[in-house]
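Everything on this sheet refers to the single structure shown next.
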Amino acid sequence: MTTALLPESVAERFHLPDGVTYLKSHSVGCQPRRAEALLRERYLAPWAVTGEAWPHWLDAVDAWRAALGALVGVEPRDLCPATNVSAGLSRYLSALGQATTRRTILFAPGAFPTIGYVAGGLAAEGWQTRMLPAGADVRDPASWTAAMDADVALAIPMHVSSNSSARADIAGIAAAVRAAGGRCIADCAQSVGVAPVTPAAWGVDAALGTSVKWLCGGPGAAWLWVAPQDRTALDPTERGWWSHADPFEMDITDFRYAPDARRWWGGTPDVAPFILSTAGIAEIAAIGVDAIRGHNLALQAMVRDAVEPKTPQWRWPTGDIGGTLCIDTGADQPRVAAALDGHSIRADFRGTVVRLSFHAYNGLRDVERLVEALRQA
């Protein structure tokens, strides 16, 4: 992986907010300039010309599956479009009840809250949830091994934690979970687009992601990847006419699951979000995930070198992290927030932890403005 900075011209591929330093790609990635034209070309134009444009729209969704599959190294047929991560996880969980007698879902206290909300909502169906101990290292497979027992059906590690940016050893965690007889689904929402995501190589049973963050594709275009060994082994109970092998057959007495990950799709699909997502994926692929990762780490290092020695009262991250620099500013949080606002820097906080994200469209001037603001806090 290179740590060389990307050329400044990369920023010209994206719409950037005027007059601010935007460091919130962990929340919403900036819109590619190509997105609007692609939406007109693949969504609005066929609709205007043909009225019912489903053949064109389905071709566009297939193009999205192909683009995402190439980016994360999986077969397109093992990817199912989803409205959001919650929907993808819910549909996946709907298939596990008949596939195992185990009834515990394991995740970390720092998991994105929607994970706990979805899993916790299954209590009436006999499921229970368990969290790793508060001080456990979510990156270390040993932490997950220690929490496994004969009732854990599914572990849900975050590839990159949203509150700390800790980057987990997903391959090691998946192996530990598998050795204990459970399944593992990786939450890649905070990593896909800024760090290599390779679910097939990791050996996980499934993976979840979204386009709204580092993939710069906007909301409404999430995804569920299911490993090939479960392609036809799992039958989701949450289903709709687009889960059918032939959605247009229209025989209410004859439901047959689609032979690929489309079986998790459900009802009438959204289309426009996946066209917008395709534009984002195209830009990320053209720039290169490894190049984005190297660029991100180089900018992070510049901030740390300039500010960390002067702020011994702050807790800076240790170990392997993702694309977001998460710094616990403690009692200084109000001053840090005011300084960032005063310098027109767009970041956010989780409690006293400031989250700062450098994407491909950020550069040296952004680092300089951020360093100036943090030094004045």
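Things to note:
- Helix 54-72 and the longest principal axis of the Cα set of the chain meet at an angle near 50°.
- Cα-based Kirkwood hydrodynamic radius, the range 98-241, one decimal, Å: 15.5
- Radius ratio Rg over Rh of the range 5-86, counting only Cα atoms, Kirkwood formula for Rh: 1.04
- Along its principal axes, the chain has C-alpha extents of 69, 57, 34 angstrom, given from the largest down.
- Principal axes of the range 139-190: Cα extent on each, largest first, Å: 30, 17, 16
- For the range 219-296, the list of GluC sites (Glu not before Pro) that fall in a loop by DSSP and count at most 12 other C-beta atoms within 10 angstrom reads E249.
- The orientation-averaged projection of the convex hull spanning the C-alpha atoms of the range 46-93 amounts to 4.3 square nanometres.
- Computed Kirkwood radius, in angstrom, where 1/r is averaged over Cα pairs of the range 245-285: 12.5
- Mean projection area, nm², convex hull over Cα of the range 117-169: 4.1
- Across the range 1-140, Cα-Cα pairs more than 21 Å apart make up 67 percent of the total.
- Summed residue charge, Cβ within 15 Å of W47's Cβ, Lys/Arg positive, Asp/Glu negative: -2
- Percent of beta bridges antiparallel (DSSP, the chain, rounded to nearest 5): 60
- Tilt relative to the chain, helix 333-342 - C-alpha long axis, 0 to 90 degrees, to 10: 90
- Around the Cα centre of the range 277-363, unit charges on the Cβ atoms of Lys, Arg, Asp and Glu (plus for the first two, minus for the last two) sum to a dipole of about 160 debye.
- Estimated FRET transfer efficiency (R315, R231; beta-carbon r; R0 56 Å; 0.05): 0.80
- With R₀ fixed at 22 Å, the C-beta to C-beta distance from R365 to V28 puts the FRET efficiency at about 0.55.
- With only Cα atoms counted, the range 258-316 has Rg and Dmax values of 20.3, 58 Å.
- Sequence of E125, E75 when ordered by accessible area, the most exposed leading, probe 1.4 angstrom: E125, E75
- Column: log10 I(q)/I(0), Debye, Cα scatterers of the range 173-254, q = 0.15 Å⁻¹: -0.71
- Quotient of C-alpha Rg and 2.2 N^0.38 Å, computed over the range 232-377: 1.58
- Contour minus Cα-Cα distance for D305 and Q128 (0.36 nm per residue): 59.2 nm
- When the P(r) is computed for the range 61-135, the part past 19 Å accounts for 49% of the Cα-Cα pairs.
- Rounded to the nearest 20 debye, the dipole size of the chain about its Cα centre is 620 debye, using +1 on the Cβ of Lys and Arg and -1 on the Cβ of Asp and Glu.
- Counting only protein chain heavy atoms and rolling a 1.4 Å probe, the accessible areas of F255, F358, F248 rank, largest first, as F248, F255, F358.
- Virtual spin-label span in nm between A331 and E41, 7 Å along Cα→Cβ: 5.7
- Spin-label model distance (nm) - F349 vs E75, 7 Å beyond Cα toward Cβ: 5.0
- Shown here is the pair-distance distribution of the range 214-302: with all Cα-Cα distances grouped in 5 Å bins from zero up to the longest one, the shares run 3, 12, 16, 15, 15, 14, 9, 7, 5, 3, 1, 1, 0 percent.
The values are calculated or read from the model by the stated rules, or taken from the named source; none is laboratory data. This one's a predicted model, so the numbers in the text were calculated from it and none came from an experiment. Cβ coordinates were reconstructed from backbone atoms using ideal geometry, including for glycine residues, and neighbour counts include every protein chain displayed. Please note that ligands, DNA and RNA were not included when accessible areas were found on the heavy atoms of the full protein model with its side chains. Shrake-Rupley method; radii C 1.70, N 1.55, O 1.52, S 1.80 Å.
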